């Protein structure tokens, strides 16, 4: 439990009165990309799919049909987006979503951070915010699937590989 207490203590989030028609929590951060940047987290689902596709292109993810991406977002338990805020303009720089049984379990999917904001703590902030939201919904078992190159990143956040020897199994159509 020390990990969870450490992760959620000293919250940096504040409400944002400046951006109209956009709910979220504003983090005061300085980034290498923009020392004046303000980062806003939102759980609103009304995300421009083309903006999300552009973000995914920037990290070289394979394109997926937008109708399926829209459906995945609509049916997710939680959707988190991260925005760089400059004045009244905002730009999507991060995204994650989670599915859940609404009681015990959630799985985090599609975590993506704009390359200009990687290695600056933005991925950690995105995961911290996502976990905080899932825990506030009383979800106690949080899982995810990670590509081999990011396993260490998630391990540093407290995730463990194959807890108790459990091995994931997959079925794919031929």
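The values are calculated or read from the model by the stated rules, or taken from the named source; none is laboratory data. Being a predicted model, the structure only gives us computed values, none of them experimental. Methodologically, a virtual Cβ is constructed for each residue, glycine included, from the backbone with ideal geometry; neighbour enumeration extends over all protein chains shown.
For residue 134, are the conditions met, namely being touching a strand residue (DSSP E or B) at 6+ places or on another chain (Cβ under 7 Å), at pLDDT 95 or above and not in a strand (DSSP E or B)? So residue 134 passes the test. For the range 112-132, a residue qualifies if it is under 12 Å from the mean Cα position of the chain (by Cα) and either surrounded by fewer than 23 Cβ atoms within 10 Å (Cβ to Cβ) or more than 21 Å from residue 70 (Cα to Cα) (or both), and the qualifying residues are 112, 114, 122, 123, 124, 125, 127, 128, 129, 131, 132. Candidates 67, 58: the one that is over 18 Å from residue 126 (Cβ atoms) and either at pLDDT 95 or above or under 15 Å from the mean Cα position of the chain (by Cα) (or both) is 67.
Within the range 88-97, the presence of at least one residue that is within 22 Å of residue 132 (Cβ to Cβ), modelled with pLDDT under 95 and either crowded, with 17+ Cβ neighbours inside 10 Å or in contact with a helix residue (DSSP H, G or I) (Cβ under 8 Å, 6 or more places away or on another chain) (or both) is confirmed.
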